[in-house]
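Working notes for the structure below.
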Amino acid sequence: MSVKESEALFTLDSIVRKVGTEVPEAQVKGIQGSISVRKPTDSEFVRAHKDENQSIVGATVLVPDGTQSKDVYLLIGGYTLPPDISNLEKIVNLYRSINHAGVEFLWLLKTTPNPWNESAREAVIQARDQWIKLRSNTGANCYDTYFPLGPLPEPEWSGRSFLDFVKLAFRGRLINSSEHKVIRMLQGA
């Protein structure tokens, strides 16, 4: 087709997709661009991955005072925090999880023994086999676990390796030395 023939076919209508000719959603699959590190919200049903190799028991994280879970930093390479900020260091368990909307996240569970963490740990075990919703019960100082009234479909996990999943979850938030900008900021440097 010549340039003149192509130009003859060019109209505004020729560049607008007609209603009803859209690509069906079923033919499109997105790749989740980020992974949050958090506990489940009280409005979502969640599952934890059945494979225990999709979790880390005893990870060391830095949680700066007054920050949200998005500000959790993973300490790697055997690095430990300097004594003046060591109170910000927490030992946690991390579980690959997914909500009923198909959004994967890394469920952060503190290991300090108390009724809140113990009830959350029990919920993780239940979430490996069934959908659950976690809600705080301040009167009992623990989380209550709820289940959907009807069946929800089995989760569709992404094909990411667990290592790649954790790397994405902590992208830009890995600490392996006292020279890291967050450590220096916390020390007033």
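Overview of values
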| read-out | value |
| --- | --- |
| Wholly within the range 109-189, helices (runs of 4 or more DSSP H) carrying at least 3 residues that are farther than 16 Å from I56 by Cα and touching a strand residue (DSSP E or B) at 6+ places or on another chain (Cβ under 9 Å) | 115-127, 181-186 |
| E104 being of a type outside the set (A, V, I, L, M, F, W, C) and closer than 21 Å to R173 by Cβ | yes |
| Close pairs (9 angstrom Cβ cut-off, 6 or more residues apart or separate chains): within 16 Å of R38 (Cα to Cα) and surrounded by 11 or more Cβ atoms within 10 Å (Cβ to Cβ) in the range 77-94, among the charged types (D, E, K, R) and at pLDDT below 95 anywhere | K90/K110; I91/K110; V92/K110; N93/K110 |
| Yes/no for L106 being outside any loop (DSSP other than H, G, I, E, B), in contact with a Ser or Thr (Cβ under 9 Å, 6 or more places away or on another chain) and either modelled with pLDDT of 90 or more or on the phi > 0 side of the Ramachandran plot (or both) | yes |
| Scope the range 52-76; condition under 14 Å from I183 (Cβ atoms), modelled with pLDDT of 90 or more and either surrounded by 16 or more Cβ atoms within 10 Å (Cβ to Cβ) or within 17 Å of the chain's Cα centre (by Cα) (or both); matching residues | T60, V61, Y73, L74, L75 |
| Scope the range 102-116; condition touching a residue at least 40 places away in the same chain (Cβ under 8 Å) and surrounded by fewer than 17 Cβ atoms within 10 Å (Cβ to Cβ); matching residues | G102, V103, T111 |
| Positions within the range 124-151 being in contact with a Lys or Arg (Cβ under 9 Å, 6 or more places away or on another chain) and surrounded by fewer than 16 Cβ atoms within 10 Å (Cβ to Cβ), in sequence order | D129, Q130, D144, Y146, F147, P148 |
| Exclusive hit being among the charged types (D, E, K, R) and modelled with pLDDT under 95, set R160, R96, R135, R121 | R160 |
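The values are calculated or read from the model by the stated rules, or taken from the named source; none is laboratory data. Since this is a predicted model, take the numbers as computed values, not measurements. So basically every Cβ, Gly included, is an ideal-geometry build from the backbone, and we count neighbours across all protein chains shown.
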